Each structure stands twice: as C-alpha cells, then as structure tokens.
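Novice: Okay, handing you the structure first.
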Amino acid sequence: MAAATLKRKREVEQSVSKERDQTPEISDTGSQGEDDEKPEDEEWNGVNASEPLDVDEELPRGGKHAKVPTGVEVREMKEAAGLFRSSSFKLQIDAILPNVRPKDKHRLPLETFLLSLHTLLMNIPSTSPAQPLDATRPLLKKGVSVPYATPLPTEDSNWKVAFEAPSNIILAGSWNTKTSVKPPLGGQYGIDVAVVMPDSLFQEKDYLNGRFFHKRAFYLATLSAALSSKIDDLKVDLAYHSQMDNPRLTKLVLTPRPGSFKLNVEISIIPVLSTTSPLLLQRLAPSECSVRSAGDDARKPTPMYNTALLTALSPPSHLLSVHKWQQEAAAFTDALTLLRVWANQRGFCEGSRMQVRGFEGKGPWWSTLLGLLVTGEETVGKPKRKPLGRGLSSYQFFKAALDFLATFDFGKERIFLKTGTGHNYPPSEYAETHDAVFVDASSRINLLADVPLGSLDFLKCEAKKTLSVLESASSSFDPFAETFLHDKHALCTRFDAIVRVDLSTAALHDIDKHSIIDHASPHNALLASISRRLRQGLGDRTKAVTLLHPTSSRRPLSQALPSNSHIFYIGLVYDTETAFRQVDHGPDAKDPESAAKEAFQELWGDKAELRMFKDGKIQQSVVWDVKTADEKSHIPIQIVKYLLDIHFGITDGRSWHSSFDTLIRMPEPISKMYAETKQLVGFKGATTAFDNLVKAIKALPEDELPLSILNFVPCSSALRYTSAMAPVPRLAALPANASYVQTIPLIVQFEKSAKWPDDLKAIRVVKMAFFERIASSLMNAIPGLTAAIAIRGEDDNDPTMEVLTPEGWAFAIHIWHDRELTLLNRIIVGDEAQHIKRPGEKKPTKGAEYHDAVAEKEVYLRRFIHGPRHHRAVTKLHHAFPAFSGTTRLVKRWFAAHWLLDGHVSEEAIELLCAHVFAYPQWESDHDANPEAFAASASQVGSKERGFAMVIEFLQSWKWDEGLLVALYDAGSAADGESTEGVGSGQGVWALKTEMDPTGRVWTNKGPDSIVARRIQALARATWGHLGTVETESESILPIFTHPNGDYHFLVELNPSVLPRYHQNVHADLALLSQRHKKFSNLQNTPADEVEVRIGFDPARLFFKDLQRIYANTFRIFWDPLGGDTFGAVWDPTLREPRSFKVLGGFSSAPCPVEAQKGKGKDSKSKDLVVLNEAAVLSEIRRLGQGLVKDVVPQKK
Amino acid sequence: MPSPALISGFTPLPFSISPGVVHYVYARAHEAPKKAKQSQQWPAGRTLFLVNVPPDATEREITEIFKSCGTIERVSFDSDAPPVEEPDSSDEEEEEEIEETAVDGEEPQRKRRRKDKTKAPRPPQLIPLPSPAIRKLRRTSQSAHVIFLDDSSLPRALVPSSKPRAWPAGDEEPSGLAHYTSLYTSLRPPLDAVRTHADSFMELFEFEQAKLKQKSRYKKGEAVVDEDGFTLVTRGGAYGQAVGGGVTVASKRFQSRGETRSMGRNRKKDTKEKANFYAFQKAEKQRSDLMKLRRDWESTKEQVEKLKASRKFKPY
C-alpha cells in the first residue's frame, strides 16, 4: 500500500507541470471514478501545495469524507454543537436512546396478543348485583380474593357490587405514546390496559366511604377470575399489584411466561372510570371528607382517598395530554426518555433495590413535568415560569427539567398545570391538605400526593448535583457517563448517614385512625408520619431526609391485601453548616402563642426544656449532649433515633457510621490515660503547641540567633488535620509498645544573607551550627524542653533539629536555604562556564555525584517547595469542606490497613485523591465569595463515612493510566517549570496532576507502581462490594480494614512488645498494651521516665525501609506503618526460575543442583545456572531484624 | 547439595548463616581490564573478587573469613566506591566496567585537594563527629574486593570447600533492634560535639576557600582564553559580572542550549502576509473550516462508535 501511494505521489509531482491547466472540477467529481483517474484527483491537491499539511490529513480518510459537507450535513453538525452540550454529547445521546426503548420489531407480536386479550375481556359474562361480602364467595372458590380496602364493607352494607363487560378498553400509558423507557436491571416494560367500567355500575354517592373502591375491587377480581381460567391459553401468570402498597390502587398484572415474547414485558389491567360516570366528582376536592362514620361529625378531610379515587379517571386524559405535548414539542419523547434514564439511575423508580419512597408508578408525573415546561402553569396574573420554546432539543428540555427540579421548592410552592378551563378545585385547599402539589392537566389529580417532601428534597439535591456536572468544564470525568450511564444507586455515596429501621416493632400510638383510613393502610400512614416527623425534627440540619425501601411486590390473586416489607432505610443529606449544632431553639417562653409551644413539646417530648440563654432570652430548647467530637458528628443520627423512639416506639434504628470512629481513635486504655492528664490533645493540641514553639523561638534574644527568622512554615499532616491518627504528645506513663512520639516537621526560613558559604556540604554544617545555637538558647529559655540535632535524615543529608516541648510535643525543624537548589542544579547541569552545550556534543558521563544531586534535588523540591504549598492548600480545603479531614483520615487508615501507606503510597498522594472527591475548579473563590452558599451547595459532602465511600468508589473504577487532574489550587496559579522538572522519573504510575504540578508525579514518583496500583484497585473493588452489603445487611465494617495476607510468599512477624506504635494497630491486642515494660523487667529495672526518649523512633519502619532498599530487586514488601506487626512480601517471580549467573545479578543466589539442570536439556551454558537462594534471604532477614522479628514464615500456595 | 565446581569462572564458597541454611559467596581472582592501565587500587595477582556478599557483612567479618589464607591488606566494598553507570548484559564486561570507572573515572577532586592541603602551611584540623561502630547495610548481592598482602594467599582462598563454613558473627557492630537504636543515637550527637565539629569544619572550609582563590587562574573581569586563542563568552553573574572571568554577553538561552534565537527575523516575515485578503483565500478558509467541522464530526462519531462497540451505552 505504502509503496503504491509513494509511487502515485511521484506521478503526481510529475504530472503537475504537465496538467497544470486542468480544471479543479474534474477532481471534485472524479472521486467515484476509476483508478486511472486517481492521479488527477490528487493532482488538484498538488496544485495547492501551499498547504501540504491539510492534504496529508485528509488523504487517509478516503475519498468519501474528503468532500465538502452538504448543507444538510452542515446544519446537522452545527445543531449538534449548538443545541446540545457538544457534538459528542449529541452523538452519545443518539447512541443511548435506542438501547432504552423497546424495538419496533418486538412490538408486533405483542399487538396481536393485546388484541386477543381485548376480545377476551369484552366477552366476560356479567354477574348479577350482589351484596359485597356474599359476592366474594364464588370468587374465592376459584382462588381469587377481592382486594377490598379499608374501611371494609360489612354484612349490612345496603349497596351491591356487580360486573358488566367493559364499555371500552384503552391501551394507555407509555406503551401507547411510545415513551416507554427500559426499567432498571431485571425490570419489565409496562403495558397499561385501561378497562373502562360501564357507568351503569355506579351511583352518585359511590364516592363515599370507599364504595367506589369496593366496586372497583370486585370488578378487578371478576376480571382476574375470568382470566385465570384462560392463563394457559394466554401463556401468562396473574398477580395483584398495589402501587405504593396502597390497596386502593390495586391492578391486575399479567406476566408472560418465559419465551412467549422476545421483549420482557408485563401487562397491567387497570379498571378506570369513564368521564360520563355518575359519580359526584366535584365533591372530591382536597379538603372534602369522603369517609364518614356515624358518630363522627368532625369531617376531617381525606385528601389521599380523594386523590386515589380521582386517579381512576386519569389514564385516558393523560394519554391525550401526552399526545398533545408530543405534537407541540418534537423533542418531547427523547427528553422524557433521558429524564427517566437519569431518574432510574438514581433510584427514583421501581425496582428490586433500595428505591426512594414515593416514585413508584410515577410515569405520569415525569411526563407531566416535561409537559409543564411545554405548556406552562395555570396562574393568576403573570406566570413565574414561562413555557419553553417548542423547538428546543431533547438535551435542552432535559436540562430545563433538571433546572426546575433543582430550584423549585415543593414545600412552599405549588404547581397547577395549564388547563385552559381553569381550576377544578380551589387551589388554596391543596395547601392545607397536601405536602407537595403538582396538579395535572385535567386539574383533578395531584400527582405528588403520596410523595413525601423528603424524597423531593433528595430529588432536588440530585438534580443540583447533575446540573453542576453538566455545567462543569472539568475534563477529569465524562459528564455524559456521569449523568446517564453510571449506576448511582449506592446509598453510601449519596447519603451522609443511613439508619436502618425495622418497622415490625413500631407502635402506632402516634397515628390516628383517620390517617390510617385516609392512607388505606397502617403501614403507609406510619411511613408518611415518620417522614413528616423527621423532616420537622431535623429541620435545617439536613438538606434531605429520605425514606428508602424496596419496591412493593406482586402478590398472588388469593391475597387480598399487600404485605409490606418491614425494613426500610432513612437516608440523611446534611447541611454541613447546621447539621452538628448542639442546641435546637424553640419558641420563646414569653410567647403568648401556646400552639407553637405545644407543638414543640409534642415533637421533642421530655427533651424539650426551658433554658435561659446568654442574651437573656428564655426559650424552649432541646440540647443534645455530646462528649467527644466524634459524637458531635453523629447528632443528626442521634436525633433520628430519638424521634423514632418517642413517637413510634422504634428502638433498634441501626447505623454503622459510628463504628468508623474507632478506626481513627486510639484504643480505650491509651485514650483513658490521655484523658487523665487533662492535656489538650489531637489536632488542636498540636496547633497550639506549634504556635507556642514559634512564639518561644521568636522570643529568643536577638543576639542569640545567628540570623533573624523570617517565618515558620508548618508542613505536616498533623497540622493540616489529615493524619490518620490524631497527633498526641508524649506521655511517660505509656507502655513501651505505645510510646511512639510522632515528630511534626516544620520549616524555618531565615532572612537572606550573603554570608552563607557557596558549597553544599558547608551549608549543611552551617545549618548544624545554627541549630546548635538555637537549641542551646531554647533549652536555657524553657526549662523541660529538650532539643537534639539529627545530623542527617533518613533519605537525605539535610540536618534537622528535634525539639521535645515540656508538654511532650515533638517537632523536627528544617532550615530552608534557597541557594541549595542553585548549587544542586549546578552539579546536575554541570558547571556553566565549562559546559556550554554545543549541538551534537557528547554528554559528559554522569558520576555518583550527579545521581546524588538528582536525588537530593527531588527531596529538596518536595520538602521546601511542594510540601508547604500542598500544606497550605490542604489546610484551606479542610476549612472549606468539614468532612474532608475525616475522609482523608479514614482513607489513610484504609491504605495503611492494607499495607500500602508510606511504603508505596505517600500521604500527600492520598490527600490529593481525597481532594479530588471534594474539590472542583474554582472552589476556592466560591468559598471566599460566599461561605454560606458554599456550605449549602449540593456538592458538599456532609460526613466522613460518605466521603470514604466516594473515594473507594472512585478508586475502584479509576483508570489510573489516564491520570487525574485535581482542582486543589485555583486555576491560573501556574507553577514555575523548574520545580517539577526531573520528577516523574521514578516507577510510580499514578499521575495526580494539580495546577502546581502538571506532571502529577511529585507525590507519586516512588509509587505505586503498576503492580501495586492494580492491587489497590482490586482491594478497592472488594471494599466497595462490602460497603454495598453493609448498607443492606448491617454487617460490621471491620472486614474492610482487615488485610488478606494469603497472597504473600512469606510473612515477617514482628514482636509487638517492642513496636512503639503497636497501639495504632487496627486489630491491636489490648492485653499486650496494658502489660507495661514486662518484657524488659529482667533486663534493666529503670523507671519509665528514665528510659531514653527517642522522638519519632520507629525501628519497624527503619527495618522495613532497609529491607525495601536492600532487596529492591528480590521481593516487594508491604507493611502497615500504623502499628503493623507483620510484613508481607512477594518474590520477584522471574528470580525463582534458574537463570545464568551474572556478577551484578542483584539477588542472593545459589548454584543450581546438577540434577535439576539435567532436565533442562543441553542449554548453552546450563552448568552456570543459579537460582534465588530463598532460605538464605529469609535467614538474612531474621538476622537483620534480631530482637524485632519474631518469626519469618514462608507461605505455601 | 552437590554444586558445580565453577560458575562462570567463579568458585562458589558456601557459608552457613544459620543451621541448615547455606549462603553462597562467589569468589574469583581479580582480573585487571585489558585496556585500562595497571590498576593501583586493586593490584592483580593478590586481589580476590567476591560476589554476593551478605548485605550486612562488615570488613571485619570478611577479614575474619580469609584470615586463614594469608594476611589481608584491605577489604573494600564496591557499592561504597562510585557506582557504575549502567551495567551491561555481559558479566565479563560488567566487571571490567566497575574497575574502569574506578580506575580512570575521575577520583573525586576532593582527594587531590586534600593532597594539596598537606603541603600547605598549617591547615586547621577537622574534628569529626563521634561515630560508633555501625553496620552499613548495603544492597543484596553486593561485590567486594579483598586485597592480600601476598600473592600466595589467593589460590588458598579459592579452594572450593564442600562443607559450608560458619559465617563469623561480628559482635563489634550491633545488628537488629540494637543496630537501629545505636544508629538513632549516633545520628544525634551531643550538642557540644556538633559545635566543635561545625567550628572546625568552617575553619577548614574558609582556609581552603582562601587557598582556592589564590590559586585560581582567573581574576574577576579577566577574559578566559583557550589554547586556540578564543575568548570564552559566558553569562554574567547576579550583578552583571562573571565570577572567575569571562566576557559577559551570552544570554541564558545561549548558555543552556548553545544556540541563538534565529526565529526573530522569520517571524516578522510571516506576519506580513495577509490572510483573508484575496477572495480565493476566503473561499479556501471557508472550505477548510467546513472540512474541519466535518473532520471533528467524523472523529467524534468514530469515538462514539467505538464506545458503542464496547457496550458502553447500556445504562443498566
């Protein structure tokens, strides 16, 4: 091919001169011509040699695409870019739509089936009127019970039920309007068959006392009985199903037996009323009472009853409205499909998993929602929302719908769709009787009557979130997939807290009888009441309180009433500003209005008390007592449990959130000892200690300091609220295996001086001299303070000063001198004066000095340039996102527990990963501009548990080879190129890019490498799977933090009694912690406080680092730096095969036994084969870790 | 376990480090590379080359082992010498390279400097920091050279032994937990020791600086001229003066890349040409815009098709 093209090109060049006067038209039309014409075709391009690039790009695409697009095509392309988010978005929408709709070819067999069903239904014989209870008997004999709802008919009911063939049968719902959307996993397309009951069956007063529902129930039962004798002909199974477990909304469901249709469908038979029925519909206004008992004159309104009755009228009228909207707006169907896919992905639908309460069978509502956008609403005066243009694209409609959901306040505002004929019922009545109001185009039915406001609040949150995704310009995720493709069902990433509730023990004393009658079942009345109470009690603490439960199930025909599942979940979305306040203020004591006071007392019970506040006000209030900061973050859960208990007698509300707290807390015996000292511990203590130290050093007399101090820069996770374990001071009384004193690194910068020597080694010595001066004068100034100078660090030669304050806080101070970088660069680049690089000049050989300098420069940049910058940004993130700190600590704990922290993944890398879940571009300016609005924004994560789940979810699906852009710094704050050059030469594969670090390797240079990265992904997947089961089965979360060590080739078991950090172990053995110094009692009987204090001394870590370095090419080693007592290691698999001997083999080898080599055949140098000497390496490890290692255990696989 | 007598010319010497566990050290007489001049560091004939020495071995331990073969002049670990650039695949060459770099790879100038220093008048004494005996843990499978005093010791050391000898346990340097604690302490010397060390170091440093200044060929402001008579042009220092001579005109760009900016003139020429001036330019632009539109469209389409093929568009 290539040769041919080359040849042709040459021809072209030759022919250019000859055929210059050829007209370009030939080439344009000649694209479909024969081969012979090809040269001419390209010859035209040859003339335009001034833009050869363009030509080259077009050629490979072939003749077809090389043509200028036609007008129609241009319009299509421009539209895609203009009316949709982008042309790729449009194409993706086009791609998804056919996948979520029934295919036309599958429709035909169903049509014939429906036709036969139609004739069958029309020919069911009538039954004569009978007393309602008597009428059930013949049906019961056929195994069909009549789904009468409360209030049940009695023996002395003086009206009769009967059956007559339907007056009409309508194919209703989405199937008819072709707006069906594939339901989520395992669901079926629904086909609604509305069977119109003849008017002759009803009387005017049938709307009262459930008579209509009884007649409807009998009608349905008769239909069922008639069909049940034909099920084998029809090849279907029959079942009752009640929408939302409301027995008044029972329908008959026909499920085709497997194999009868290609398409997974179910057919619902719904008896409906005709518009000409004699029922007095005007008496069904929301505030009317339709269920009256003899002795009751109060006539409380029955809004739910009335709505349920009016629903029987809706299918035909709804069908007409949808058809009208489809005619008016071309993109209506597509937009509806998108909207429903979006909703289905988020649990606003029916399905087998946890679903948001209230969205079952809400198909009509979704279409009416879009209808509202098309036609507008019925208002007096000027409408607030103008109807949208008809020519909008599906995406624009979809976005408008989300916008409506995100901004509309269902709790306060009401929607009445435009009808043309005005309101049927007075709109003001809805306000008193319904929670959320969305009245359909027939102006009769409130489509949201049975949807709790909490669910709509949650819908609002989700809509806001999706809108911000669609509007964000960030390239770190795919907005299309985020909106439509990803499964967003998981509760743990969407709710800040989840409480699991078992209803079976609930007492119903809070629910009056009337409400049960109105809701048709105690269960529904209870859930409605719970939802309302919680929303009231939590108030502005939460953005949404949502009930979640599995969808109502089908039931056999023999079962009259639906059975309810007892387990449901309460999901809370916190408003981080207010969620954790400790006091709830009620009405003023002097307030003359007693109703508010009573309501407050009624809500809170004994907890409500009169309190006087600082400003002199005496108010009813509720105070939540908390002992620790951990408890404070669980106040909302505490409130939920309290309310459930006092109002509904539910005591076993379970949430697994508090069990996360123990993971980042010290074990009981240790924390008790700290509590006894009454010292300030934790991040607050560390920050105070830092401030004090800075003050003390700055207060030193001028002449005792060599140069005056410019500033102190903190640079530690302990001072930015992100270290897995809260920092604590040294406590002499602690047992040896809890005696670890964490050092907090600081950086000090002196004023500039020309007196610094111009030599790296000398600079270090000067630093030491400085330290010596500061240390001696500090020790003089503050009694009890000790300071020491570490002449070099673990992995570099920079000296540090270690200070132990009298309170027991330890700091390690570095001096930042910017000349060092220049000197290092000089070594790396070479002396400028000697080496002006000439092009083509051979590079000078790089000696040890060069490699040392490169390594030191990397440490320098990380420590002095990136470290402080990162510290500042993360601290700011902590202040902006309250849950960030907790999340990071949990995630660090997770990484540590899986033996990856420190050794393979740096702390900063984890902070960046967590920041990715929280931060978005411009978060900093958003936060500065308006902190309150920022806290209320939908993207705020309210709890560390949710943050943790989000990070895990991200990790399990992250394609790490694509890198990640973290919006930690504001855009535009560009990095200086020098600070990042040279990094990224390590084996790390994660690219965590920030504005300051375009390479993304500053914190991931050393790891994780691709093997470890894959392992992290596998661990994250397992964890994610477990999180999913925790929410439904309420298991322990500890398995998430338990590392499976079966995969390691050998384990190095350490002696827990000599590990100074053992108390931080996830599974620390408390018995080992309490025995103090027992191990040493026979050696030396020194009292605890005379034992030499070694700040930041962790022999296990040093040993681990040594093994990692010594055996870098022999095995890969893993360990939990937070008190881990076992190393796990995996041999390099290639070393276990015999290989030929090399001087610099890089591993400890043994000659291969002769016999073993014989089998290998006559290889070239078969007698020189060596193999990894595993036993020798293991025994070396044992020797290197004398006193530290308990045992080295090889594991057999 | 019967093992071959020689492996690539190396004699495997078995050592038992713990009961039943044998560690192999490979030994060979040191061969000086052919091309390099006679090595001063490792005299041929009496230098033993060891491979796969345990990572925590000390000079004392190795001396202990080969003491029986003859008097040992010196033991040196290769990883302490400047490392080799990139080891080649062939083992022969590898070894040669080690030696090569060690031989003619510039011995740190420091050494030479120190030699000068001895001749200079009264150099100040450097007081070192206290350094207790600490094991140095090197990377596994390191190599070492043992230099005997006498040529006759070498063959004795290379006698293969069938029974593993015991590795001498050096008690001088602690190992394990004790190693880490003493390492920790040795890294944090007493404050007065730090002070005296720092003071003496600075004294020495200043002495040497002063000497260097004296010796420097170039004075400030003097041009550097090479043998061919060319004047070296360098960049100026912080205050526009080149320290140590040179003529100060070169730009930073020239300094780092060795090329001057040649783009300037050409770029001006480019801007002169007007776009969108002639009708044909406009038409062509329009056409290429449309083509670009189409190309983008086609490429996104292709992408989406690719996604479609990977069943990406099934939401559930």
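The values are calculated or read from the model by the stated rules, or taken from the named source; none is laboratory data. All values derive from a computational prediction rather than experimental measurement. Cβ: placed from backbone, ideal geometry, glycine included. Neighbour counts: every protein chain shown. Quick note on the areas: whole protein, heavy atoms, side chains included, nothing else; ligands and nucleic acids left out. Shrake-Rupley method; radii C 1.70, N 1.55, O 1.52, S 1.80 Å.
Novice: Identify, please: which residue in region A:873-917 is among the small types (Gly, Ala, Ser) and within 14 Å of A:Tyr721 (Cα to Cα) and is, among those, farthest from the chain's Cα centre (by Cα)?
Specialist: As a first pass, look at region A:873-917 and keep what is among the small types (Gly, Ala, Ser): A:873, A:880, A:883, A:885-886, A:896-897, A:903, A:906, A:909, A:915.
So of that shortlist, the ones also within 14 Å of A:Tyr721 (Cα to Cα) come out as A:873, A:880, A:883, A:885-886, A:915.
Working: A:Ala873: 23, A:Ala880: 19, A:Ala883: 13, A:Ser885: 17, A:Gly886: 15, A:Ala915: 13 Å.
Of everything passing the filter in region A:873-917, A:Ala873 is farthest from the chain's Cα centre (by Cα).
Novice: Any chance region A:874-895 includes a residue that's open to solvent by 40 Å² or more (accessible area, probe 1.4 Å) and of a type in the set (Phe, Trp, Tyr)?
Specialist: Residues of region A:874-895 that are open to solvent by 40 Å² or more (accessible area, probe 1.4 Å), as a first pass: A:876, A:879, A:882.
Now narrow it down to the ones that are of a type in the set (Phe, Trp, Tyr): none.
No, that holds for no residue.
Novice: From the set of residues in region A:761-804 that are acidic (Asp, Glu) and surrounded by 19 or more Cβ atoms within 10 Å (Cβ to Cβ), which is modelled with the lowest pLDDT? Steps first, answer last, please.
Specialist: If we filter region A:761-804 for residues that are acidic (Asp, Glu), which is where we start, we get A:772, A:794-796, A:798, A:802.
Now restrict to residues that are surrounded by 19 or more Cβ atoms within 10 Å (Cβ to Cβ): A:772, A:798, A:802.
On the way: A:Glu772: 91, A:Asp798: 87, A:Glu802: 92.
Ranking the candidates gives A:Asp798 first.
Novice: Under 7 Å between Cβ atoms, at least 6 apart or on separate chains: pull out the pairs that start in region A:575-603 with a residue that is among the acidic types (Asp, Glu) and end on any residue that is in a loop (DSSP other than H, G, I, E, B).
Specialist: Close Cβ pairs (under 7 Å, with a partner that is in a loop (DSSP other than H, G, I, E, B)) amount to A:Asp588/A:Lys617.
Novice: Kindly establish whether B:Gln142 is within 14 Å of another protein chain (Cβ to nearest Cβ) and among the polar types (S, T, N, Q).
Specialist: Values: within 14 Å of another protein chain (Cβ to nearest Cβ): yes; among the polar types (S, T, N, Q): yes.
The answer is yes for B:Gln142.
Novice: Among the numbered criteria (1) at pLDDT 85 or above; (2) part of a helix (DSSP H, G or I); (3) open to solvent by less than 60 Å² (accessible area, probe 1.4 Å), which single criterion is violated by B:Pro189?
Specialist: (2)
Novice: Then there's this: Just to be sure I understand the filter: pairs with C-beta atoms under 7 Å, separated by 6 or more residues or on different chains, first member in region A:1168-1197 and at the interface with chain B (Cβ under 8 Å from one of its Cβ atoms), second member open to solvent by less than 10 Å² (accessible area, probe 1.4 Å) and of a type in the set (S, T, N, Q). Which pairs pass?
Specialist: Close Cβ pairs (under 7 Å, with a partner that is open to solvent by less than 10 Å² (accessible area, probe 1.4 Å) and of a type in the set (S, T, N, Q)) amount to A:Val1170/A:Ser1149; A:Asn1173/A:Ser1148; A:Asn1173/A:Ser1149; A:Ala1176/A:Ser1148; A:Val1177/A:Thr1114; A:Val1177/A:Ser1148.
Novice: Residues of region A:255-273 being part of a loop (DSSP other than H, G, I, E, B) and either among the basic types (Lys, Arg) or open to solvent by 20 Å² or more (accessible area, probe 1.4 Å) (or both), which ones?
Specialist: As a first pass, look at region A:255-273 and keep what is part of a loop (DSSP other than H, G, I, E, B): A:257-264, A:273.
Hits for region A:255-273 are A:Arg257, A:Pro258, A:Gly259, A:Ser260, A:Phe261, A:Lys262, A:Leu263, A:Asn264.
Novice: Same structure again: Taking region A:425-463 as the region of interest, how many residues are within 21 Å of A:Lys300 (Cα to Cα) and open to solvent by 30 Å² or more (accessible area, probe 1.4 Å)?
Specialist: 10
Novice: Could you look through region A:524-568, keep only residues that are of a type in the set (Lys, Arg) and under 20 Å from A:Gly605 (Cα atoms), and pick out the one that is surrounded by the most Cβ atoms within 10 Å (Cβ to Cβ)?
Specialist: Of everything passing the filter in region A:524-568, A:Arg541 is surrounded by the most Cβ atoms within 10 Å (Cβ to Cβ).
Novice: Give B:Pro164, B:Pro174 a once-over and let me know the one that is in contact (Cβ under 8 Å) with a residue 24 or more places away in the chain, within 11 Å of another protein chain (Cβ to nearest Cβ), open to solvent by 30 Å² or more (accessible area, probe 1.4 Å) and in contact with a strand residue (DSSP E or B) (Cβ under 6 Å, 6 or more places away or on another chain).
Specialist: B:Pro164 is the lone residue from the list that is in contact (Cβ under 8 Å) with a residue 24 or more places away in the chain, within 11 Å of another protein chain (Cβ to nearest Cβ), open to solvent by 30 Å² or more (accessible area, probe 1.4 Å) and in contact with a strand residue (DSSP E or B) (Cβ under 6 Å, 6 or more places away or on another chain).
Novice: One residue is enough: does region A:392-412 have a residue meeting the conditions aromatic (Phe, Trp, Tyr), in a strand (DSSP E or B) and either open to solvent by 10 Å² or more (accessible area, probe 1.4 Å) or on the phi > 0 side of the Ramachandran plot (or both)?
Specialist: If we filter region A:392-412 for residues that are aromatic (Phe, Trp, Tyr), which is where we start, we get A:395, A:397-398, A:404, A:408, A:410.
The next check asks that each one be in a strand (DSSP E or B); those that pass are none.
Looking for residues that are aromatic (Phe, Trp, Tyr), in a strand (DSSP E or B) and either open to solvent by 10 Å² or more (accessible area, probe 1.4 Å) or on the phi > 0 side of the Ramachandran plot (or both), one finds none in region A:392-412, hence no.
Novice: So which residues in region A:304-321 are hydrophobic (A, V, I, L, M, F, W, C) and within 26 Å of A:Leu527 (Cα to Cα), if there are any at all?
Specialist: Of all residues in region A:304-321, those hydrophobic (A, V, I, L, M, F, W, C) come to A:304, A:308-310, A:312-313, A:319-320.
Of everything in region A:304-321, those that are hydrophobic (A, V, I, L, M, F, W, C) and within 26 Å of A:Leu527 (Cα to Cα) turn out to be A:Met304, A:Ala308, A:Leu309, A:Leu310, A:Ala312.
Novice: When you scan region B:152-161, how many residues do you find that are in a loop (DSSP other than H, G, I, E, B) and either at the interface with chain A (Cβ under 7 Å from one of its Cβ atoms) or of a type outside the set (A, V, I, L, M, F, W, C) (or both)?
Specialist: Of the residues in that region, 3 qualify.
Novice: With (1) in the same structural domain as B:Lys67 (by TED's automatic domain parsing); (2) charged (D, E, K, R); (3) open to solvent by 80 Å² or more (accessible area, probe 1.4 Å) as the list, and B:Asp199 as the residue in question, which single condition is left unmet?
Specialist: (1)
Novice: Which one of these is assigned to a helix (DSSP H, G or I) and farther than 25 Å from A:Trp1024 by Cβ: A:Phe948, A:Phe934, A:Phe954, A:Phe884? Show your work before the answer.
Specialist: Details: A:Phe948 fails: farther than 25 Å from A:Trp1024 by Cβ; A:Phe954 fails: farther than 25 Å from A:Trp1024 by Cβ; A:Phe884 fails: farther than 25 Å from A:Trp1024 by Cβ.
Sole residue among the options that is assigned to a helix (DSSP H, G or I) and farther than 25 Å from A:Trp1024 by Cβ: A:Phe934.
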